[in-house]
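The values are calculated or read from the model by the stated rules, or taken from the named source; none is laboratory data. The structure displayed is predicted, hence computed values, not measured ones. Because the Cβ atoms are built from the backbone with ideal geometry, glycine has one as well, and the counts that use them run over all protein chains shown. Accessible surface areas use protein heavy atoms only, side chains included; no ligands, DNA or RNA. Shrake-Rupley method; radii C 1.70, N 1.55, O 1.52, S 1.80 Å.
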Amino acid sequence: MSLFLGLDSSTQGLTAVIISVSGTSRGVVWQHTINYDHDLPEYGTLHGVLQNPDPRIVRSSPAMWADALDRMMARIAIERSIDKSRIAAITGAGQQHGSVYLSQDGLARLAAMDERTALAAQMDGVFSREASPTWMDSSTSVECAEIEAALGGAAATARLTGSRAFERFTGPQIRKFAKDHQGRFDVTARVHLVSSFLASLLAGSDAPIDPGDGAGMNLMDLASGEWSDAALGATAIGLRARLPRLAPASTVIGHLGAYWTNRYGFSPLTKVVAWTGDNPSSLIGTGLIREGRVAISLGTSDTIFGAMDAPRVSDDGAGHVFGAPTGGFMGITVFKNGSLARERVRDTYALDWDSFSLLLQTSPPGNQGAMMLPWFDPEITPVVAEPGVRREQLDPQDAHANVRALVEAQMMAMARHSAWMGVRVDTIHATGGASRNTEILQVMADVFGARVERFQISNSAALGAALRAYQSHTGSPWSEVVAGFVEPIAGGTVVPISAHVAVYDELKRRHAALEKSALSS
Ligand code: ADP
Ligand code: XUL
(Lines give C-alpha, C1' and ligand atoms only; values in the text may rest on other atoms or scores of the structure.)
(Ligands and ions follow the chains in the order given, each with its own letter.)
Protein backbone atom coordinates (compact mmCIF):
# COMPACT_ATOMS: atom_id res chain seq x y z
CA MET A 1 0.00 0.00 0.00
CA SER A 2 1.31 3.45 -0.96
CA LEU A 3 0.14 6.88 0.10
CA PHE A 4 0.20 10.03 -2.03
CA LEU A 5 -0.09 13.54 -0.64
CA GLY A 6 -1.70 16.38 -2.61
CA LEU A 7 -1.62 19.98 -1.38
CA ASP A 8 -3.60 23.01 -2.55
CA SER A 9 -2.28 26.44 -1.56
CA SER A 10 -5.34 28.47 -2.48
CA THR A 11 -6.50 32.02 -1.82
CA GLN A 12 -8.03 31.40 1.58
CA GLY A 13 -6.15 28.41 2.89
CA LEU A 14 -3.96 25.35 2.44
CA THR A 15 -5.67 21.96 1.99
CA ALA A 16 -4.09 18.50 2.09
CA VAL A 17 -5.61 15.31 0.70
CA ILE A 18 -3.92 11.93 1.20
CA ILE A 19 -4.95 8.98 -0.97
CA SER A 20 -4.10 5.34 -0.48
CA VAL A 21 -3.61 2.93 -3.36
CA SER A 22 -3.18 -0.79 -2.95
CA GLY A 23 -3.92 -2.79 -6.08
CA THR A 24 -7.53 -2.08 -6.95
CA SER A 25 -8.37 -0.89 -3.45
CA ARG A 26 -8.13 2.88 -3.26
CA GLY A 27 -9.55 5.86 -1.43
CA VAL A 28 -9.04 9.17 0.30
CA VAL A 29 -7.67 8.47 3.78
CA TRP A 30 -7.19 11.95 5.22
CA GLN A 31 -7.90 15.57 4.48
CA HIS A 32 -7.33 18.77 6.37
CA THR A 33 -7.49 22.53 5.72
CA ILE A 34 -5.55 25.36 7.37
CA ASN A 35 -7.43 28.64 7.01
CA TYR A 36 -5.16 31.68 6.78
CA ASP A 37 -7.46 34.22 8.49
CA HIS A 38 -8.36 31.96 11.41
CA ASP A 39 -5.32 29.74 11.88
CA LEU A 40 -2.54 32.22 11.04
CA PRO A 41 -4.00 35.53 12.28
CA GLU A 42 -0.53 37.00 12.83
CA TYR A 43 -0.28 37.66 9.08
CA GLY A 44 -3.35 39.94 9.19
CA THR A 45 -5.20 38.64 6.13
CA LEU A 46 -8.90 38.90 5.34
CA HIS A 47 -10.05 36.10 3.01
CA GLY A 48 -6.36 35.25 2.63
CA VAL A 49 -5.22 38.63 1.30
CA LEU A 50 -3.86 41.86 2.78
CA GLN A 51 -6.17 44.85 2.94
CA ASN A 52 -5.34 47.80 0.70
CA PRO A 53 -7.29 51.05 0.24
CA ASP A 54 -6.91 50.67 -3.54
CA PRO A 55 -9.27 47.82 -4.63
CA ARG A 56 -6.99 47.08 -7.58
CA ILE A 57 -4.04 46.17 -5.35
CA VAL A 58 -4.44 42.70 -3.82
CA ARG A 59 -1.39 41.12 -2.21
CA SER A 60 -0.62 38.39 0.26
CA SER A 61 2.28 37.17 2.33
CA PRO A 62 4.63 34.55 0.84
CA ALA A 63 5.96 33.91 4.36
CA MET A 64 2.42 32.90 5.37
CA TRP A 65 2.18 30.41 2.50
CA ALA A 66 5.48 28.85 3.65
CA ASP A 67 4.38 28.86 7.29
CA ALA A 68 1.11 27.08 6.39
CA LEU A 69 3.06 24.42 4.49
CA ASP A 70 5.29 23.88 7.55
CA ARG A 71 2.29 23.60 9.88
CA MET A 72 0.52 21.18 7.52
CA MET A 73 3.57 18.91 7.34
CA ALA A 74 3.90 19.07 11.15
CA ARG A 75 0.24 18.09 11.46
CA ILE A 76 0.62 15.14 9.07
CA ALA A 77 3.74 14.00 10.93
CA ILE A 78 1.84 13.58 14.22
CA GLU A 79 -1.28 12.06 12.64
CA ARG A 80 -1.49 8.52 14.02
CA SER A 81 -3.63 7.18 11.19
CA ILE A 82 -0.93 7.99 8.61
CA ASP A 83 2.19 5.88 8.19
CA LYS A 84 4.55 8.60 6.92
CA SER A 85 7.07 6.09 5.64
CA ARG A 86 4.49 5.00 3.06
CA ILE A 87 4.10 8.42 1.44
CA ALA A 88 5.61 7.64 -1.96
CA ALA A 89 5.19 11.04 -3.60
CA ILE A 90 3.96 14.57 -2.89
CA THR A 91 2.87 17.35 -5.18
CA GLY A 92 0.63 20.37 -5.04
CA ALA A 93 -1.32 23.14 -6.67
CA GLY A 94 -1.04 26.86 -6.10
CA GLN A 95 -3.37 29.79 -6.68
CA GLN A 96 -2.36 30.81 -10.19
CA HIS A 97 -0.42 33.90 -11.34
CA GLY A 98 0.75 34.96 -7.84
CA SER A 99 4.51 35.48 -7.73
CA VAL A 100 7.22 35.12 -5.07
CA TYR A 101 10.43 37.17 -5.31
CA LEU A 102 13.54 35.58 -3.78
CA SER A 103 16.74 37.40 -2.94
CA GLN A 104 20.13 35.86 -3.81
CA ASP A 105 20.40 34.74 -0.20
CA GLY A 106 16.83 33.41 -0.26
CA LEU A 107 17.54 31.31 -3.34
CA ALA A 108 20.66 29.85 -1.72
CA ARG A 109 18.81 29.14 1.51
CA LEU A 110 16.18 26.92 -0.17
CA ALA A 111 18.68 24.09 0.12
CA ALA A 112 19.80 24.99 3.63
CA MET A 113 16.71 25.38 5.82
CA ASP A 114 17.66 24.63 9.42
CA GLU A 115 15.60 21.77 10.87
CA ARG A 116 16.07 23.05 14.45
CA THR A 117 13.94 26.14 13.75
CA ALA A 118 10.43 26.49 12.28
CA LEU A 119 10.37 27.70 8.69
CA ALA A 120 8.55 30.92 9.66
CA ALA A 121 11.51 32.01 11.78
CA GLN A 122 13.88 31.55 8.84
CA MET A 123 12.15 33.84 6.35
CA ASP A 124 14.12 37.02 7.16
CA GLY A 125 15.96 38.17 4.07
CA VAL A 126 14.53 35.38 1.89
CA PHE A 127 12.24 37.71 -0.08
CA SER A 128 13.19 40.71 -2.17
CA ARG A 129 9.49 41.62 -2.11
CA GLU A 130 7.65 41.02 1.17
CA ALA A 131 4.08 41.16 -0.22
CA SER A 132 3.30 39.04 -3.26
CA PRO A 133 0.79 40.11 -5.91
CA THR A 134 -2.08 37.61 -6.16
CA TRP A 135 -4.52 36.63 -8.90
CA MET A 136 -7.00 39.15 -7.44
CA ASP A 137 -4.73 42.10 -8.26
CA SER A 138 -5.82 44.26 -11.19
CA SER A 139 -3.36 47.15 -10.92
CA THR A 140 -1.32 46.55 -14.08
CA SER A 141 -3.53 47.83 -16.94
CA VAL A 142 -0.74 50.13 -18.17
CA GLU A 143 1.77 47.28 -18.25
CA CYS A 144 -0.72 45.01 -20.07
CA ALA A 145 -1.11 47.64 -22.78
CA GLU A 146 2.68 48.04 -23.05
CA ILE A 147 3.26 44.29 -23.35
CA GLU A 148 0.50 43.83 -25.94
CA ALA A 149 1.87 46.76 -27.97
CA ALA A 150 5.36 45.22 -27.95
CA LEU A 151 3.99 41.81 -29.02
CA GLY A 152 1.83 43.12 -31.88
CA GLY A 153 -1.52 43.49 -30.11
CA ALA A 154 -3.93 41.53 -27.93
CA ALA A 155 -4.67 38.80 -30.48
CA ALA A 156 -0.98 38.22 -31.24
CA THR A 157 -0.24 38.05 -27.48
CA ALA A 158 -3.01 35.47 -27.08
CA ARG A 159 -1.75 33.38 -30.01
CA LEU A 160 1.76 33.37 -28.56
CA THR A 161 1.10 32.91 -24.83
CA GLY A 162 -2.45 31.46 -24.70
CA SER A 163 -4.04 34.67 -23.36
CA ARG A 164 -3.99 38.36 -24.15
CA ALA A 165 -2.25 40.34 -21.40
CA PHE A 166 -4.30 40.15 -18.19
CA GLU A 167 -3.71 42.37 -15.15
CA ARG A 168 -3.21 39.48 -12.74
CA PHE A 169 -0.86 37.50 -15.00
CA THR A 170 2.69 37.28 -13.74
CA GLY A 171 4.42 39.03 -16.67
CA PRO A 172 2.51 42.32 -16.30
CA GLN A 173 3.01 42.08 -12.51
CA ILE A 174 6.76 41.60 -12.92
CA ARG A 175 6.93 44.50 -15.38
CA LYS A 176 5.19 46.82 -12.91
CA PHE A 177 7.52 45.74 -10.09
CA ALA A 178 10.61 46.24 -12.27
CA LYS A 179 9.39 49.70 -13.34
CA ASP A 180 8.26 50.93 -9.92
CA HIS A 181 10.96 49.27 -7.80
CA GLN A 182 13.95 48.83 -10.08
CA GLY A 183 16.31 48.46 -7.09
CA ARG A 184 14.25 45.60 -5.59
CA PHE A 185 13.96 43.89 -8.97
CA ASP A 186 17.75 44.16 -9.42
CA VAL A 187 18.33 42.25 -6.17
CA THR A 188 15.74 39.61 -7.07
CA ALA A 189 17.53 36.37 -7.94
CA ARG A 190 14.43 34.31 -8.70
CA VAL A 191 10.76 34.97 -9.49
CA HIS A 192 8.74 31.90 -8.58
CA LEU A 193 5.03 31.20 -8.78
CA VAL A 194 3.21 30.20 -5.59
CA SER A 195 3.33 26.63 -6.91
CA SER A 196 7.03 26.47 -7.77
CA PHE A 197 8.01 28.33 -4.57
CA LEU A 198 6.32 25.75 -2.34
CA ALA A 199 7.69 22.90 -4.47
CA SER A 200 11.17 24.41 -3.97
CA LEU A 201 10.71 24.45 -0.19
CA LEU A 202 9.65 20.79 -0.16
CA ALA A 203 12.48 19.62 -2.41
CA GLY A 204 15.08 21.95 -0.88
CA SER A 205 16.09 23.02 -4.38
CA ASP A 206 15.03 25.44 -7.09
CA ALA A 207 11.89 23.84 -8.61
CA PRO A 208 10.63 24.27 -12.19
CA ILE A 209 7.36 25.81 -13.36
CA ASP A 210 5.00 23.51 -15.33
CA PRO A 211 3.19 24.52 -18.56
CA GLY A 212 -0.15 24.66 -16.70
CA ASP A 213 0.95 27.46 -14.38
CA GLY A 214 3.55 28.81 -16.84
CA ALA A 215 0.79 29.66 -19.33
CA GLY A 216 -0.69 31.99 -16.71
CA MET A 217 2.27 34.34 -16.96
CA ASN A 218 2.08 35.86 -20.50
CA LEU A 219 5.71 34.73 -20.75
CA MET A 220 5.60 31.20 -22.15
CA ASP A 221 5.29 30.22 -25.80
CA LEU A 222 2.21 28.00 -25.53
CA ALA A 223 3.03 25.89 -28.57
CA SER A 224 6.61 25.03 -27.60
CA GLY A 225 6.26 25.13 -23.80
CA GLU A 226 9.44 27.26 -23.61
CA TRP A 227 9.98 30.79 -22.35
CA SER A 228 9.31 33.18 -25.24
CA ASP A 229 12.18 35.58 -25.97
CA ALA A 230 9.71 38.10 -27.38
CA ALA A 231 7.47 37.98 -24.29
CA LEU A 232 10.43 38.15 -21.89
CA GLY A 233 11.81 41.14 -23.84
CA ALA A 234 8.42 42.89 -23.69
CA THR A 235 8.28 42.41 -19.91
CA ALA A 236 11.56 43.24 -18.17
CA ILE A 237 15.26 43.40 -18.95
CA GLY A 238 17.20 40.55 -17.37
CA LEU A 239 14.10 38.46 -16.70
CA ARG A 240 15.25 35.15 -18.20
CA ALA A 241 18.02 34.72 -15.63
CA ARG A 242 15.50 35.33 -12.86
CA LEU A 243 13.01 32.63 -13.93
CA PRO A 244 13.21 28.95 -13.05
CA ARG A 245 13.21 26.37 -15.84
CA LEU A 246 10.00 25.01 -17.35
CA ALA A 247 9.31 21.27 -17.02
CA PRO A 248 6.28 18.96 -17.50
CA ALA A 249 3.97 18.64 -14.51
CA SER A 250 4.85 14.96 -14.17
CA THR A 251 8.56 15.71 -13.52
CA VAL A 252 10.01 14.24 -10.34
CA ILE A 253 12.14 17.14 -9.13
CA GLY A 254 13.81 15.32 -6.27
CA HIS A 255 13.06 13.91 -2.84
CA LEU A 256 11.81 15.60 0.32
CA GLY A 257 14.54 17.93 1.58
CA ALA A 258 16.51 17.42 4.81
CA TYR A 259 14.39 19.99 6.68
CA TRP A 260 11.32 17.74 6.41
CA THR A 261 13.01 14.40 6.94
CA ASN A 262 15.10 15.53 9.93
CA ARG A 263 12.53 17.78 11.59
CA TYR A 264 9.40 15.65 11.15
CA GLY A 265 10.67 12.18 10.31
CA PHE A 266 9.35 11.96 6.74
CA SER A 267 11.06 9.42 4.53
CA PRO A 268 14.01 10.65 2.41
CA LEU A 269 12.62 8.33 -0.31
CA THR A 270 9.44 10.41 -0.70
CA LYS A 271 9.48 11.95 -4.17
CA VAL A 272 8.57 15.57 -4.80
CA VAL A 273 6.78 16.07 -8.12
CA ALA A 274 6.56 19.48 -9.87
CA TRP A 275 3.56 21.54 -8.70
CA THR A 276 0.99 23.15 -11.01
CA GLY A 277 -1.77 25.77 -10.80
CA ASP A 278 -5.00 25.08 -8.93
CA ASN A 279 -7.12 25.02 -12.09
CA PRO A 280 -4.92 22.56 -14.04
CA SER A 281 -4.87 20.44 -10.89
CA SER A 282 -8.67 20.61 -10.63
CA LEU A 283 -8.90 19.39 -14.22
CA ILE A 284 -7.47 16.09 -12.95
CA GLY A 285 -9.37 16.23 -9.65
CA THR A 286 -12.67 16.48 -11.56
CA GLY A 287 -11.68 13.65 -13.88
CA LEU A 288 -11.57 15.75 -17.07
CA ILE A 289 -8.72 13.91 -18.74
CA ARG A 290 -10.27 14.15 -22.24
CA GLU A 291 -12.02 16.86 -24.26
CA GLY A 292 -15.84 16.83 -24.08
CA ARG A 293 -17.07 17.92 -20.68
CA VAL A 294 -16.51 21.00 -18.51
CA ALA A 295 -16.07 21.58 -14.80
CA ILE A 296 -17.23 24.62 -12.89
CA SER A 297 -15.34 25.48 -9.74
CA LEU A 298 -17.21 27.71 -7.29
CA GLY A 299 -14.29 28.68 -5.08
CA THR A 300 -13.02 32.15 -4.20
CA SER A 301 -12.97 32.64 -7.97
CA ASP A 302 -15.60 31.01 -10.16
CA THR A 303 -13.99 29.20 -13.08
CA ILE A 304 -15.25 27.09 -15.97
CA PHE A 305 -12.76 24.84 -17.69
CA GLY A 306 -12.27 21.75 -19.78
CA ALA A 307 -9.59 19.72 -21.51
CA MET A 308 -8.67 20.69 -25.08
CA ASP A 309 -6.91 18.49 -27.62
CA ALA A 310 -5.49 21.50 -29.47
CA PRO A 311 -4.85 25.04 -28.19
CA ARG A 312 -7.87 26.92 -29.61
CA VAL A 313 -7.33 30.43 -28.29
CA SER A 314 -10.33 32.64 -27.52
CA ASP A 315 -11.15 35.16 -30.30
CA ASP A 316 -12.90 37.64 -28.06
CA GLY A 317 -10.01 37.75 -25.57
CA ALA A 318 -12.17 36.39 -22.73
CA GLY A 319 -10.54 33.14 -21.76
CA HIS A 320 -7.17 31.47 -21.45
CA VAL A 321 -5.51 28.34 -22.75
CA PHE A 322 -3.19 26.67 -20.23
CA GLY A 323 -1.14 23.50 -20.42
CA ALA A 324 -2.92 20.49 -18.91
CA PRO A 325 -1.14 18.07 -16.52
CA THR A 326 -1.93 15.28 -19.00
CA GLY A 327 0.39 16.97 -21.52
CA GLY A 328 -2.43 18.48 -23.64
CA PHE A 329 -4.22 21.80 -23.12
CA MET A 330 -7.15 23.23 -21.20
CA GLY A 331 -9.47 26.16 -21.85
CA ILE A 332 -10.66 28.27 -18.93
CA THR A 333 -12.65 31.42 -18.20
CA VAL A 334 -12.26 33.08 -14.79
CA PHE A 335 -14.58 35.32 -12.79
CA LYS A 336 -13.41 37.26 -9.77
CA ASN A 337 -16.85 38.00 -8.28
CA GLY A 338 -17.49 34.40 -7.21
CA SER A 339 -17.85 33.21 -3.61
CA LEU A 340 -16.97 36.57 -2.07
CA ALA A 341 -19.81 38.22 -4.04
CA ARG A 342 -22.19 35.50 -2.82
CA GLU A 343 -20.98 36.14 0.74
CA ARG A 344 -21.53 39.89 0.30
CA VAL A 345 -25.15 39.39 -0.73
CA ARG A 346 -25.66 36.77 1.99
CA ASP A 347 -24.32 39.18 4.63
CA THR A 348 -26.18 42.25 3.30
CA TYR A 349 -29.48 40.53 4.08
CA ALA A 350 -28.19 38.88 7.28
CA LEU A 351 -28.62 35.38 5.86
CA ASP A 352 -26.75 32.14 6.38
CA TRP A 353 -26.24 29.59 3.59
CA ASP A 354 -29.44 27.74 4.51
CA SER A 355 -31.62 30.82 4.28
CA PHE A 356 -29.75 31.96 1.14
CA SER A 357 -30.65 28.60 -0.40
CA LEU A 358 -34.25 28.85 0.76
CA LEU A 359 -34.63 32.23 -0.94
CA LEU A 360 -33.28 30.72 -4.15
CA GLN A 361 -35.67 27.81 -3.87
CA THR A 362 -38.70 30.03 -3.34
CA SER A 363 -38.08 32.63 -6.06
CA PRO A 364 -39.05 32.19 -9.73
CA PRO A 365 -36.46 31.39 -12.40
CA GLY A 366 -36.04 34.52 -14.52
CA ASN A 367 -36.62 36.62 -11.38
CA GLN A 368 -39.60 38.39 -13.02
CA GLY A 369 -37.17 40.36 -15.12
CA ALA A 370 -34.99 41.65 -12.28
CA MET A 371 -31.26 41.43 -13.08
CA MET A 372 -27.90 42.27 -11.54
CA LEU A 373 -24.35 42.75 -12.79
CA PRO A 374 -22.49 41.70 -9.61
CA TRP A 375 -19.26 43.65 -10.00
CA PHE A 376 -18.60 44.15 -6.28
CA ASP A 377 -14.87 44.00 -7.03
CA PRO A 378 -13.04 44.74 -10.29
CA GLU A 379 -14.02 41.92 -12.65
CA ILE A 380 -11.83 39.74 -14.88
CA THR A 381 -14.58 38.55 -17.28
CA PRO A 382 -15.63 40.86 -18.77
CA VAL A 383 -12.88 43.29 -17.76
CA VAL A 384 -14.33 45.85 -15.34
CA ALA A 385 -11.68 48.13 -13.87
CA GLU A 386 -13.96 50.30 -11.74
CA PRO A 387 -16.14 48.10 -9.54
CA GLY A 388 -19.86 48.85 -9.18
CA VAL A 389 -22.99 46.71 -8.91
CA ARG A 390 -25.69 47.35 -11.56
CA ARG A 391 -29.33 46.57 -10.80
CA GLU A 392 -32.04 46.37 -13.49
CA GLN A 393 -35.69 46.34 -12.29
CA LEU A 394 -34.24 45.14 -8.98
CA ASP A 395 -35.15 46.65 -5.62
CA PRO A 396 -31.96 46.74 -3.49
CA GLN A 397 -34.08 46.01 -0.37
CA ASP A 398 -35.57 42.79 -1.76
CA ALA A 399 -33.46 39.93 -0.40
CA HIS A 400 -35.30 37.27 -2.41
CA ALA A 401 -34.81 38.99 -5.75
CA ASN A 402 -31.19 40.01 -5.06
CA VAL A 403 -30.08 36.50 -4.12
CA ARG A 404 -31.60 35.08 -7.30
CA ALA A 405 -30.38 37.95 -9.49
CA LEU A 406 -26.82 37.38 -8.27
CA VAL A 407 -26.71 33.63 -8.87
CA GLU A 408 -28.50 33.89 -12.22
CA ALA A 409 -26.06 36.60 -13.36
CA GLN A 410 -23.04 34.53 -12.31
CA MET A 411 -24.28 31.46 -14.18
CA MET A 412 -25.34 33.37 -17.30
CA ALA A 413 -21.98 35.15 -17.47
CA MET A 414 -20.23 31.78 -17.18
CA ALA A 415 -22.36 30.20 -19.91
CA ARG A 416 -21.94 33.11 -22.33
CA HIS A 417 -18.25 33.77 -21.79
CA SER A 418 -17.22 30.13 -22.13
CA ALA A 419 -18.82 29.59 -25.56
CA TRP A 420 -15.40 30.27 -27.16
CA MET A 421 -14.15 26.91 -25.90
CA GLY A 422 -16.42 25.22 -28.43
CA VAL A 423 -17.48 22.42 -26.06
CA ARG A 424 -21.11 21.31 -26.27
CA VAL A 425 -21.92 21.09 -22.58
CA ASP A 426 -24.22 18.25 -21.59
CA THR A 427 -22.63 17.42 -18.24
CA ILE A 428 -20.91 19.73 -15.77
CA HIS A 429 -18.60 18.52 -13.00
CA ALA A 430 -19.17 20.89 -10.06
CA THR A 431 -16.45 21.53 -7.50
CA GLY A 432 -15.28 24.16 -4.99
CA GLY A 433 -16.73 25.27 -1.65
CA ALA A 434 -20.11 26.45 -3.01
CA SER A 435 -20.72 23.27 -5.00
CA ARG A 436 -22.28 21.74 -1.88
CA ASN A 437 -25.18 24.19 -2.37
CA THR A 438 -27.87 22.31 -4.33
CA GLU A 439 -29.97 25.39 -5.04
CA ILE A 440 -27.02 27.16 -6.66
CA LEU A 441 -26.38 24.04 -8.74
CA GLN A 442 -30.04 23.99 -9.86
CA VAL A 443 -29.62 27.47 -11.34
CA MET A 444 -26.40 26.23 -12.98
CA ALA A 445 -28.20 23.22 -14.51
CA ASP A 446 -31.08 25.37 -15.76
CA VAL A 447 -28.91 28.14 -17.25
CA PHE A 448 -26.61 25.67 -19.06
CA GLY A 449 -29.36 23.16 -19.87
CA ALA A 450 -26.97 20.48 -18.61
CA ARG A 451 -26.77 17.86 -15.85
CA VAL A 452 -24.55 18.81 -12.91
CA GLU A 453 -22.63 16.08 -11.12
CA ARG A 454 -20.98 16.33 -7.72
CA PHE A 455 -18.10 14.39 -6.30
CA GLN A 456 -17.14 13.18 -2.86
CA ILE A 457 -14.13 15.48 -2.57
CA SER A 458 -15.09 19.06 -3.29
CA ASN A 459 -11.45 20.19 -3.09
CA SER A 460 -10.62 19.00 -6.57
CA ALA A 461 -7.31 20.90 -6.68
CA ALA A 462 -5.86 19.00 -3.70
CA LEU A 463 -7.34 15.69 -4.89
CA GLY A 464 -5.94 16.38 -8.38
CA ALA A 465 -2.52 16.90 -6.81
CA ALA A 466 -2.68 13.59 -4.94
CA LEU A 467 -3.70 11.86 -8.18
CA ARG A 468 -0.85 13.55 -10.05
CA ALA A 469 1.62 12.35 -7.42
CA TYR A 470 0.30 8.82 -7.95
CA GLN A 471 0.44 9.10 -11.75
CA SER A 472 3.97 10.46 -11.76
CA HIS A 473 5.16 7.75 -9.34
CA THR A 474 3.61 4.83 -11.24
CA GLY A 475 3.35 6.11 -14.83
CA SER A 476 -0.17 4.60 -14.94
CA PRO A 477 -2.61 5.73 -17.67
CA TRP A 478 -4.77 8.68 -16.58
CA SER A 479 -8.02 6.74 -16.98
CA GLU A 480 -6.71 4.21 -14.47
CA VAL A 481 -5.45 6.96 -12.12
CA VAL A 482 -8.78 8.80 -11.76
CA ALA A 483 -10.98 5.66 -11.68
CA GLY A 484 -12.59 5.16 -8.30
CA PHE A 485 -11.51 8.59 -7.06
CA VAL A 486 -13.55 10.88 -9.29
CA GLU A 487 -16.92 9.17 -9.33
CA PRO A 488 -20.18 11.16 -9.13
CA ILE A 489 -22.01 10.96 -5.79
CA ALA A 490 -25.00 8.65 -6.20
CA GLY A 491 -28.17 10.73 -5.96
CA GLY A 492 -26.15 13.95 -6.08
CA THR A 493 -26.82 14.83 -9.73
CA VAL A 494 -28.87 17.95 -10.42
CA VAL A 495 -30.86 17.81 -13.68
CA PRO A 496 -32.11 20.78 -15.69
CA ILE A 497 -35.82 21.58 -15.70
CA SER A 498 -36.84 22.23 -19.31
CA ALA A 499 -39.31 25.05 -18.56
CA HIS A 500 -36.50 26.89 -16.72
CA VAL A 501 -34.00 26.26 -19.52
CA ALA A 502 -36.34 28.07 -21.94
CA VAL A 503 -36.59 31.04 -19.55
CA TYR A 504 -32.81 31.36 -19.43
CA ASP A 505 -32.34 31.04 -23.18
CA GLU A 506 -34.26 34.30 -23.46
CA LEU A 507 -32.73 35.88 -20.35
CA LYS A 508 -29.17 35.28 -21.60
CA ARG A 509 -29.89 37.64 -24.51
CA ARG A 510 -31.07 40.33 -22.08
CA HIS A 511 -28.03 39.70 -19.89
CA ALA A 512 -25.73 40.18 -22.88
CA ALA A 513 -27.46 43.45 -23.78
CA LEU A 514 -27.32 44.74 -20.20
CA GLU A 515 -23.64 43.85 -19.92
CA LYS A 516 -22.88 45.56 -23.23
CA SER A 517 -24.64 48.75 -22.24
CA ALA A 518 -22.98 48.79 -18.79
CA LEU A 519 -19.53 48.33 -20.34
CA SER A 520 -20.06 51.03 -22.93
CA SER A 521 -21.15 53.55 -20.31
P1 ADP B 1 -10.64 28.42 -2.48
O2 ADP B 1 -10.13 27.04 -2.73
O3 ADP B 1 -10.70 29.29 -3.70
O4 ADP B 1 -9.97 29.12 -1.33
P5 ADP B 1 -13.09 27.00 -1.73
O6 ADP B 1 -13.29 26.19 -2.96
O7 ADP B 1 -12.63 26.34 -0.49
O8 ADP B 1 -12.18 28.29 -2.03
O9 ADP B 1 -14.48 27.74 -1.43
C10 ADP B 1 -14.64 28.56 -0.32
C11 ADP B 1 -15.96 29.28 -0.43
O12 ADP B 1 -17.05 28.36 -0.43
C13 ADP B 1 -16.24 30.20 0.74
O14 ADP B 1 -15.69 31.49 0.49
C15 ADP B 1 -17.77 30.20 0.82
O16 ADP B 1 -18.28 31.42 0.29
C17 ADP B 1 -18.21 29.07 -0.09
N18 ADP B 1 -19.20 28.19 0.54
C19 ADP B 1 -19.01 27.30 1.55
N20 ADP B 1 -20.17 26.67 1.87
C21 ADP B 1 -21.14 27.17 1.04
C22 ADP B 1 -22.56 26.96 0.87
N23 ADP B 1 -23.23 26.07 1.61
N24 ADP B 1 -23.19 27.67 -0.09
C25 ADP B 1 -22.53 28.55 -0.85
N26 ADP B 1 -21.21 28.81 -0.73
C27 ADP B 1 -20.52 28.13 0.21
C1 XUL C 1 -7.09 31.48 -12.73
C2 XUL C 1 -7.31 32.43 -11.60
C3 XUL C 1 -7.93 31.91 -10.35
C4 XUL C 1 -6.87 31.48 -9.34
C5 XUL C 1 -7.56 31.15 -8.03
O6 XUL C 1 -6.69 32.12 -13.90
O7 XUL C 1 -6.96 33.58 -11.65
O8 XUL C 1 -8.80 30.83 -10.61
O9 XUL C 1 -6.11 30.41 -9.84
O10 XUL C 1 -6.74 30.49 -7.14
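Kirkwood radius and radius of gyration were both taken over the C-alpha atoms of the range 14-119, and their ratio Rg/Rh is 1.02.
Taking one quarter of the surface of the C-alpha convex hull of the range 388-499 gives a mean projected area of 9.6 nm². Using 1/(1 + (r/R0)^6) with R0 = 41 angstrom and r between the beta carbons of THR362 and ALA258, what's the FRET efficiency to the nearest 0.05? After rounding to 0.05, the efficiency reads 0.10. Multiplying the residue separation of ASP426 and VAL29 by 0.36 nm and subtracting their alpha-carbon distance yields 139.7 nm. Basic side chains Lys and Arg get +1 at the Cβ, acidic Asp and Glu get -1 at the Cβ, and with that the dipole of the chain about its Cα centre reaches some 680 debye. For the residue pairs LYS84/LYS271; LYS271/LYS336; LYS176/LYS516; LYS336/LYS516, alpha carbon separations beyond 24 Å are given by LYS271/LYS336; LYS176/LYS516. Taking 25 °C and 0.890 mPa s as the conditions, I'd like the Stokes-Einstein D for the range 241-374 in µm²/s, using the Kirkwood hydrodynamic radius from alpha carbon pairs. Result for D is 132 µm²/s.
Exposure check, 1.4 Å probe, all protein chains in place: TYR349 carries approximately 40 Å² of accessible surface. Taking all protein chains as they are arranged and a probe of 1.4 Å, the heavy atoms of ARG109 leave approximately 60 Å² accessible to solvent. List the residue ranges in the chain for DSSP H helices whose C-alpha atoms run 24 angstrom or more along the long axis and whose Kyte-Doolittle average is 0.0 or above. Those that clear 24 Å and a mean of 0.0 are 62-78, 399-416. Spin-label model, ARG245/ALA223: points 7 Å from Cα along the beta carbon direction are separated by 2.4 nm.
The heavy atoms of ARG245 present about 130 square angstrom of accessible area, all protein chains included, probe 1.4 Å. Computed from the Cβ-Cβ distance with R0 of 45 Å, the FRET efficiency linking ILE237 to ALA499 stands at 0.15. Note on ALA483 and GLU130: the extension gain reaches 122.9 nm, defined as 0.36 nm multiplied by sequence separation minus the Cα-Cα distance.
Each helix, a run of at least 4 DSSP H residues, gives -39500 (n - 2.57); summed and divided by the residues of the chain, these come to -10500 deg cm²/dmol at 222 nm.
Amide H to amide H distances under 5 Å link LEU50 with ARG59, SER60, where only residues 5 or more positions off or on other chains count and H is placed in the peptide plane. Taking amide H as placed 1.01 Å from N in the peptide plane, the amide H of MET220 sits under 5 Å from that of SER228, each at least 5 places away or on another chain. Size check on the range 287-355: the Cα extents along the three principal axes, sorted descending, read 46, 27, 17 Å.
In this simple spin-label model, placing a label point 7 Å from the Cα along the Cα-to-Cβ direction at both ALA121 and ASN52 gives a separation of 3.2 nm.
Over all orientations, the chain has a Cα convex hull whose mean projected area works out to 22.1 square nanometres. If you sort LEU69, LEU246 by accessible surface, 1.4 Å probe, largest first, the order is LEU246, LEU69. Put simply, when 253-264, 289-300 are sorted by average Cβ atoms within 10 angstrom per residue, most first, you get 289-300, 253-264. Computed over Cα pairs, the Kirkwood radius of the range 109-154 leads via Stokes-Einstein (1.306 mPa s, 10 °C) to a diffusion coefficient of 112 µm² per second.
Projected label points at ALA350 and SER85, each 7 Å from Cα along the beta carbon direction, are separated by 5.9 nanometres. Dipole magnitude for the range 271-314: about 140 debye, using +1 per Lys or Arg Cβ and -1 per Asp or Glu Cβ, origin at the Cα centre.
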